[in-house]
Amino acid sequence: MAEKEAVFAKKFEILKALIKNSRSTVVLTGAGISTLSGIPDFRSSSGVYATTWKSYQVEEILSISFFKHNPEIFYAWAKEYWYKLDDYKPNTVHTALALLEQKGYLEGLFTQNIDMLHKKAGSRKCYEVHGSAEHHHCTNCNAYYSYHWVAPIVLTGQVPRCTECGSVIKPDIVFYGENLDGFTLSRAYEMFNHAHLCLVLGSSLVVQPAASFPAYTVHRGAPLVIVNAQKTSFDGSATLRFTDLQQFSEALEKYLVALEPRKLLV
Ligand code: CNA
């Protein structure tokens with residue numbers, strides 16, 4: 001145990017120097033970070049993909065063609081999973097990353113999560129690569145609806161429908177088979193391409209194109225730090241690897257609290 005702690009402490013010292021000396025740090029987060037808030041991820045052994053839901057594979061429920069033909073099945077699944085997000089609070093990973101930004105050490109935070117927890121924690125430079133459950137639109141006339149308007153309808157077991165035209169309302173989440181928002185994608189390519197340090201937290205790095213973002217940083221020889229319990233699909237010969245998100249984020253928060261805010265040259 002003491003040996004494990006010593007290894008962690010040694011690696012964390014290297015991380016501190018990387019953060020302090022990096023002029024441009026980008027972060028990519030995945031569903032793993034929100035497991036500490038109680039939201040299951042997809043690919044852990046206890047994740048959502050380990051089970052089927054009423055004989056459906058969750059991957060199938062989350063494809064755009066399935067949604068178009070079976071919105072009632074999507075919403076029946078999402079009722080138990082994604083429309084109780086108000087029950088969940090940001091954890092130390094979210095708050096540590098918000099602090100990294102407040103102290104002036106973060107260029108951009110890209111998340112694959114749709115759970116709104118980074119924004120709740122106070123992150124502003126946050127790009128939600130797969131969209132967010134916060135916003136919804138009518139699939140026909142594009143009228144806007146918020147999470148708080150839609151959630152009570154879903155929780156009573158109904159499919160939310162547009163008050164203007166009666167068509168099905170869809171969350172602004174990127175389903176399998178849909179393209180990512182072009183602006184977010186171009187920001188990601190730009191920032192990961194110029195970053196001096198890339199941190200990846202709680203992602204299996206399976207889902208493209210987000211899984212490839214760290215490669216843009218690594219291919220220029222800049223360091224990559226991965227924090228994940230399981231082996232990731234891409235690891236780009238990571239400079240540092242940590243496995244325990246809780247231990248990592250607590251240490252990061254403690255370090256950042258004591259760190260002088262970066263003086264910005266304007
Ligand atoms: P994933 O494929 O489920 O991978 C999560 C990774 O986190 C796994 O490799 C786990 O080993 C790791 N992990 C889980 N808990 C811990 C822990 N305590 N310490 C260390 N590692 C841990 O998730 P990705 O984000 O890579 O996949 C992308 C999908 C998942 C995106 O499309 C998301 O929209 C989608 N998703 C989002 C949420 C959410 O918003 N909270 C929840 C579930 C799925």
Taking the stretch 177-205 and keeping residues within 16 Å of the ligand (Cβ to nearest atom), among the aliphatic types (A, V, I, L, M) and more than 13 Å from the chain's Cα centre (by Cα) leaves 180, 185, 188
Single condition residue 166 does not satisfy, out of (1) outside the structural domain of residue 24 (by TED's automatic domain parsing); (2) open to solvent by 40 Å² or more (accessible area, probe 1.4 Å)
(2)
Out of everything in the stretch 207-240 that is over 18 Å from the mean Cα position of the chain (by Cα) and in contact (Cβ under 8 Å) with a residue 40 or more places away in the chain, what residue ends up being most open to solvent (accessible area, probe 1.4 Å)?
239
With the stretch 10-95 as the region, which helices (runs of 4 or more DSSP H) entirely inside it contain at least 1 residues that are away from the ligand (no atom under 13 Å from the Cβ), open to solvent by 10 Å² or more (accessible area, probe 1.4 Å) and touching an Asp or Glu at 6+ places or on another chain (Cβ under 9 Å)?
64-69
Can you pull out every residue in the stretch 65-99 that is among the polar types (S, T, N, Q) and more than 23 Å from residue 153 (Cβ to Cβ)?
65, 91, 92, 95
From the list 254, 231, which residue is of a type in the set (D, E, K, R) and either at pLDDT below 95 or outside the structural domain of residue 106 (by TED's automatic domain parsing) (or both)?
231
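The values are calculated or read from the model by the stated rules, or taken from the named source; none is laboratory data. Because the structure is predicted, anything quoted here is derived from the model rather than measured. Please note: Cβ atoms are built from the backbone with ideal geometry, for glycine as well, and neighbour counts cover all protein chains shown. Heads up: the accessible areas ignore ligands, DNA and RNA and are worked out on the full protein's heavy atoms, side chains in. Shrake-Rupley method; radii C 1.70, N 1.55, O 1.52, S 1.80 Å.
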